[in-house]
Every structure is written in C-alpha cells, then in structure tokens.
1. Full-extension gain between residue 240 and residue 45, please, as 0.36 nm times their residue separation minus the C-alpha to C-alpha distance.
2. Roughly what % of DSSP beta bridges within the chain run antiparallel, to the nearest 5?
3. Scan the chain and report its longest stretch carrying no trypsin sites (Lys or Arg not before Pro) that are both in a DSSP loop and have at most 16 other Cβ atoms within 10 Å.
4. Would you pull out the residues with amide H under 5 Å of residue 43's amide H, same chain only if 5 or more places away, H placed 1.01 Å from N?
5. Once both axes come from the Cα atoms, what is the angle between helix 246-268 and the longest principal axis of the chain, in degrees from 0 to 90, rounded to 10?
6. I'd like to compare 165-173, 13-21: which one has the highest average count of other Cβ atoms within 10 Å, and what's the full order after that?
7. Helix 124-133 versus the longest principal axis of the chain: what is the Cα-based angle in degrees, 0 to 90, to the nearest 10?
8. Mind pulling the angle between the C-alpha long axis of helix 11-25 and the longest principal axis of the chain? Nearest 10 degrees, somewhere in 0 to 90.
Amino acid sequence: MARHDASFTLEPALTALADGARAVLDVDLLGVYLVGSFALGAGDEHSDIDFLAVTAGRPSAEQTDGLARLHARLPDLTAYGADHLEGSYAPLEDLRSPMTIGRGWPYVDNGSRELVVSGHDNTLHARWLLGRHGVPVLGPTASTYVAPVDPGALRAEMIGVARTGAEGIEEDPESLTNGWYQPHLVVTLCRALHTACTAEVTSKAAAARWALDVLPAEHHALVRRAVADRPDPWRRIHQAADPELAGPTRALAWEVHRMIGAEVLRRRA
C-alpha cells in the first residue's frame with residue numbers, strides 16, 4: 001500500500017481495520033478497499049480516510065455487533081488516521097445490482113465510534129469510484145465485485161445531489177452559518193457539476209479548480225474561498241461561517257442545479 005505523504009502512512013490504520021473486520025466476518029469478508037480522496041491520490045492531513053468493505057451477504061446480528069465493537073475501539077489506536085476512518089460494509093449482491101442504490105449498509109461516520117445503518121456510501125458515484133480507483137487493502141481488484149456504472153445514470157444522480165443542496169438551503173438557511181458546512185457544500189456542488197459533465201468522479205478540490213473554467217465569473221471568488229477554507233475541517237465545525245457567503249452560496253447551488261439539468265438534457269437529445 002502506497003504512502004500518500006512523506007509525513008504519514010495509512011497502512012497501520014487500514015491494516016487494523018481489515019484484520020479486525022476479518023476476525024469478525026471470517027470468510028464473509030471478501031475485500032476491504034481504500035476509496036475517497038486518498039484513492040484518487042488527492043488525500044492529505046485534512047482528509048477523511050474512506051473505505052468500503054465488501055461482504056458475502058448482509059452481516060448477521062452477531063457479526064454486526066462484532067463490527068460495532070471493532071469501530072468503538074479503532075479510534076483509540078495510535079496509528080495515523082484510525083480516528084478518522086469512514087466507510088461502509090457493502091453486500092456483494094447490492095454492489096452487483098443497480099436496483100439497490102440507496103439501500104442502507106452498516107456505516108461508520110468520520111471519527112465516530114458508532115456503527116449505524118445508512119445509505120451514505122450506496123450511491124452511483126461511490127460505486128464508480130470503488131470500481132475505477134478502489135485500492136485493495138484486502139482482496140482482489142475492486143472491479144471484481146462492483147457492476148459497471150452507466151454514465152447517463154451517474155450524470156442523472158448529480159441532479160439529485162445539486163437539488164438536495166439547493167433545497168436544503170431553502171429549508172434550513174441556518175446550515176450555511178456553519179464554518180465547515182458552507183465551504184463543504186460549495187466544493188460538493190463543484191464535484192457534482194464535474195461529474196455531470198464528464199461522467200467521472202474526482203476529488204472535491206480538483207473539481208473546484210475545474211469548475212472555475214465552466215462556472216459564470218460571479219461564482220469564482222466563492223469557489224476559491226471554499227478551497228482556501230478547507231484546511232482544518234475539525235476546527236471549522238465549531239466555528240461560524242462568514243455570513244456574507246450565504247447569499248452567494250445559495251445562488252451557486254441553484255446555478256449548478258440548472259447547469260447539471262441542462263447538461264443531462266443535452267446528453268439525452
């Protein structure tokens with residue numbers, strides 16, 4: 001497993017995850033894969049360590065309890081990033097069917113000690129990333145397990161991502177007062193636009209830089225500010241966002257929604 005920075009390595013934390021999951025699941029664990037920004041070669045000390053584990057079936061109640069105990073103790077390890085692991089346990093039958101998108105899987109959020117059921121990672125863009133860029137920690141090449149993702153369906157999924165972001169602002173304007181969420185939403189919208197236009201998934205930071213070439217000029221300062229505000233996200237969660245950015249962020253959300261819709265319609269014509 002490659003080092004991604006001279007100052008740290010992900011291998012001890014990922015090995016502890018894989019060994020612990022294998023101790024719980026035994027032969028029902030088919031593979032563990034590094035995904036997210038590190039799999040794309042864009043991870044740094046501010047990034048989550050995203051993983052996806054492939055299981056032969058849905059974990060039993062006993063296995064789920066074992067996985068919960070594993071994730072309750074992993075953050076106590078001294079290995080770099082053990083307290084920032086985030087990912088899901090995906091049944092093989094789900095990964096091979098487009099009809100199971102959104103179905104809940106056992107999931108642990110970044111820095112959490114609690115295993116919950118969530119569809120957070122059961123998206124087309126997550127499956128695309130797993131199949132194209134998943135780095136094996138344990139198991140064969142990830143494409144062995146995940147069905148190819150249809151480009152048109154991937155683009156269409158981005159309409160929902162943009163709509164959720166835009167409508168979320170309308171329903172809860174206070175969300176943009178959070179110092180982490182406001183820039184996170186901006187770069188997430190940029191990635192949705194990039195995916196809609198290219199049918200590929202890249203890192204949020206790379207998508208934000210790409211978006212400067214396609215977004216109207218009035219949004220450029222906001223995007224640059226979001227990239228600059230990315231470092232130290234754990235501290236920013238507890239800080240307030242610049243209130244002057246709320247209006248421009250709302251405008252960007254609806255503009256990205258419009259642009260993605262137009263791109264999807266153009267591709268279908």
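Values in this text are rule-based calculations from the coordinates and carry no lab data. Note that the coordinates shown come from a computational prediction; the quantities given were computed from them, not determined experimentally. Cβ: placed from backbone, ideal geometry, glycine included. Neighbour counts: every protein chain shown.
1. Details: separation 195, 0.36 × 195 = 70.20 nm, distance 2.20 nm.
Using 0.36 nm per residue and subtracting the Cα-Cα distance, I get 68.0 nm.
2. Values: 16 of 23 bridges.
Antiparallel: roughly 70 percent of the beta bridges in the chain.
3. Numbers: sites that count: 3, 96, 103, 113.
Excluding the exposed sites themselves, the longest stretch runs over 114-269.
4. 38
5. 80
6. Values: 165-173: 14.7, 13-21: 20.6.
The packing order, highest mean first, is 13-21, 165-173.
7. 60
8. On a 0 to 90 degree scale, this one is about 60.
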